[in-house]
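The values are calculated or read from the model by the stated rules, or taken from the named source; none is laboratory data. Fair warning: this is a prediction, and the values are worked out from it, not measured in the lab. Cβ sites come from the backbone with ideal geometry, for glycine too, and all protein chains shown count toward neighbours.
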Amino acid sequence: MLRVAVCVSGGGTNLQAIIDAIKSGKIENAQIVRVVSNNKNAYALTRAGKAGIEGICVSPRDYESRELFNRALLARLQEAEPDLIVLAGFMVAVPACVIDAFRGRIINIHPALIPSFCGKGYYGLHVHEKVLERGAKVTGATVHFVDEDLDHGPILLQKAVEVKEGDTPEVLQRRVMEEAEWILLPRAISLIAQGRVTIDESGITHISGK
Ligand code: GRF
């Protein structure tokens, strides 16, 4: 059984998609062992509670320095003994100590087609604002492994989503979630739980089987 820790900051619709996929059997052989939020008011923590999953808050505000927060985050993740950490709308730069301790075992969902519309400043609604400002006709979502550089690690799954005339950032964000994010993230976890994902020496992921 793949032990999954999910890191969140906000509404937690991606977390919900994972919870639902485990419940319905779309993801087999995986369980969420802990949900970690940097924000104690995140609705994602309520979603975890409703699903009977332990949810905890580790906020930078509760620590005197960033270093102490980083260490606490690492400790709270380690004590859950996850095989995989899923960043599902986690608005915190993952500290190097966490990346190091869980190398190749952290995935993130980004609401655009990497390497477009990613990197510094490209988070939340801003991503969709920039897509619309640029006049892109296609956007989407990407699940990728996390390394030290922002939105940079090996790409695992991507799905394209159409940009439509008259879209607002909010409308586009919703479409990207419905048509891509909520499908891709459970699928990524399922593939990893089935042991079908490898990363080669060039940093390219490969998915075995059908
Ligand atoms: C999603 O768009 C995700 O891609 C981004 O933050 C948003 C989180 O939404 N990184 P939710 O908390 O899962 O509803």
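Points to keep in mind about this one:
- Test: residue in segment 97-106 that is over 18 Å from L185 (Cα atoms), in contact with a Cys (Cβ under 6 Å, 6 or more places away or on another chain), more than 16 Å from the ligand (Cβ to nearest atom) and of a type in the set (A, V, I, L, M): no
- In segment 1-15, the qualifying residues are those that are more than 22 Å from N70 (Cβ to Cβ) and under 12 Å from the mean Cα position of the chain (by Cα), and the one that is surrounded by the most Cβ atoms within 10 Å (Cβ to Cβ) is L15.
- Residues that are on the phi > 0 side of the Ramachandran plot, without any contact (Cβ under 8 Å) to a residue 40 or more places away in the chain and not hydrophobic (A, V, I, L, M, F, W, C) occur in segment 21-34; there is at least one.
- Hey, S65 loosely packed, with under 14 Cβ neighbours inside 10 Å, more than 11 Å from the ligand (Cβ to nearest atom) and over 29 Å from Q194 (Cβ atoms) or not: yes
- Out of K26, K120, K40, K50, sole residue that is within 16 Å of the ligand (Cβ to nearest atom), under 23 Å from T142 (Cα atoms), surrounded by fewer than 16 Cβ atoms within 10 Å (Cβ to Cβ) and over 14 Å from the mean Cα position of the chain (by Cα): K120
- Out of R196, R187, R175, R105, sole residue that is closer than 20 Å to V92 by Cα, at pLDDT 95 or above and surrounded by fewer than 22 Cβ atoms within 10 Å (Cβ to Cβ): R105
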